[in-house]
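Q: What follows is a structure written as structure tokens; I'll ask about it next.
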Amino acid sequence: MFLISILQLLDHTNINNNFIAQGIGFVGLIFAIISFQNNKRNLILVFLGLAQMCFIVHFALLGVWTASAMNIVGAIRTFFFVFRGRKKWMDSDIVMYTFIFLFFIAGILSWQNWLSLLPIMAMAIETVGLWQENPRKIRSIVIIPRPLWLTYNVIHGSYAGVLTELFVVVSLVTGIIRFDFLPWIRQKRNPGMLDQDSLN
């Protein structure tokens, strides 16, 4: 009887943890959507960093340690990338490659199974995208690893993560149409009109 009570308590705790995890994940979702609706690099990075901080806790509560580790390194990376162009030492490509290396190290240390490769590769690709200074390039590269995260989240029951990836894809596509495709169309119709991103 005592053992059954303990198991019921643990099961109730797991349910509560899952509920809290998904809630925190949905807060991260909001930040992620806001991030890619911006056309300023620093705002993209700031809101992305806030989203990653939420997902550190989200994945930890779900016991998905590789994803949590990826978001820890990701949040640190995002913070450092904000200073690109402001600090001379941050303009070296060594910084980008250092973070890619750190993602692989964090992935190895938090390795759970072969599925851990998905977020590791996703964050490595995303790092290349966020290193770009042109928001257009950021959007076009950051959209590439979304299927990796989506697959990983589905398998691990991260409902907030799945919705985040779907909304991020929609947000990125919307941003690409709004800031990249439509200005390009207007520029084609009015050759004298130059879009600011095209100058970068």
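Q: Quick check: is even one residue across the range 119-132 out of contact with any Cys (no Cβ under 9 Å at 6 or more places or on another chain), surrounded by 15 or more Cβ atoms within 10 Å (Cβ to Cβ) and outside any helix (DSSP H, G or I)?
A: Yes, the range 119-132 contains at least one residue that is out of contact with any Cys (no Cβ under 9 Å at 6 or more places or on another chain), surrounded by 15 or more Cβ atoms within 10 Å (Cβ to Cβ) and outside any helix (DSSP H, G or I).
Q: Count, please, the residues in the range 133-151 that happen to be surrounded by fewer than 19 Cβ atoms within 10 Å (Cβ to Cβ), in a loop (DSSP other than H, G, I, E, B) and at pLDDT 90 or above.
A: 1
Q: Give all pairs with beta carbons closer than 9 Å in which a residue from the range 47-72 that is farther than 13 Å from Tyr152 by Cβ meets a residue that is basic (Lys, Arg); count only pairs at least 6 apart in sequence or on separate chains.
A: Pairs found: Gly49/Arg77; Gln52/Arg77.
Q: Any idea which of Met70, Met90 is within 27 Å of Lys137 (Cβ to Cβ) and more than 16 Å from the chain's Cα centre (by Cα)?
A: So the residue among Met70, Met90 that is within 27 Å of Lys137 (Cβ to Cβ) and more than 16 Å from the chain's Cα centre (by Cα) is Met90.
Q: Any residue at all in the range 57-64 that is in contact with a Gly (Cβ under 6 Å, 6 or more places away or on another chain) and closer than 25 Å to Ile33 by Cβ?
A: Among the residues of the range 57-64, at least one is in contact with a Gly (Cβ under 6 Å, 6 or more places away or on another chain) and closer than 25 Å to Ile33 by Cβ, which makes the answer yes.
Q: Suppose we filter Val162, Val154, Val170 for residues that are β-branched (Val, Ile, Thr), farther than 24 Å from Trp65 by Cβ and in a helix (DSSP H, G or I); which single one remains?
A: Among Val162, Val154, Val170, only Val170 is β-branched (Val, Ile, Thr), farther than 24 Å from Trp65 by Cβ and in a helix (DSSP H, G or I).
Q: From the set of residues in the range 77-92 that are part of a helix (DSSP H, G or I) and touching a residue at least 12 places away in the same chain (Cβ under 8 Å), which is surrounded by the fewest Cβ atoms within 10 Å (Cβ to Cβ)? Steps first, please.
A: Of the residues in the range 77-92, the ones part of a helix (DSSP H, G or I) are 77-81, 88-91.
If we keep only those that are touching a residue at least 12 places away in the same chain (Cβ under 8 Å) as well, we get 77-81.
Details: Arg77: 25, Thr78: 25, Phe79: 14, Phe80: 16, Phe81: 24.
In this case the residue turns out to be Phe79.
Q: Taking the range 133-142, which residues are closer than 19 Å to Thr174 by Cα and in contact (Cβ under 8 Å) with a residue 24 or more places away in the chain?
A: Asn134, Pro135, Arg136, Ile138, Arg139, Ser140, Val142
Q: Name the one entry in Arg41, Arg86 that is touching a helix residue (DSSP H, G or I) at 6+ places or on another chain (Cβ under 6 Å) and of a type in the set (D, E, K, R).
A: The unique qualifying residue is Arg41.
Q: For the range 36-46, what are the residues that are part of a helix (DSSP H, G or I) and touching a residue at least 60 places away in the same chain (Cβ under 8 Å)?
A: Taking the range 36-46 as the starting set, the residues that turn out to be part of a helix (DSSP H, G or I) are 36, 41-46.
Hits for the range 36-46 are Phe36, Arg41, Ile44, Leu45.
Q: Determine whether the range 188-199 contains at least one residue that is in a helix (DSSP H, G or I), of a type outside the set (S, T, N, Q) and closer than 21 Å to Ala21 by Cβ.
A: Scanning the range 188-199 turns up no residue that is in a helix (DSSP H, G or I), of a type outside the set (S, T, N, Q) and closer than 21 Å to Ala21 by Cβ.
The values are calculated or read from the model by the stated rules, or taken from the named source; none is laboratory data. What you are looking at is a predicted structure, and each value in this text was computed from that prediction instead of being measured. Glycine also receives a Cβ, built like all others from the backbone with ideal geometry; neighbour counts cover every protein chain displayed.
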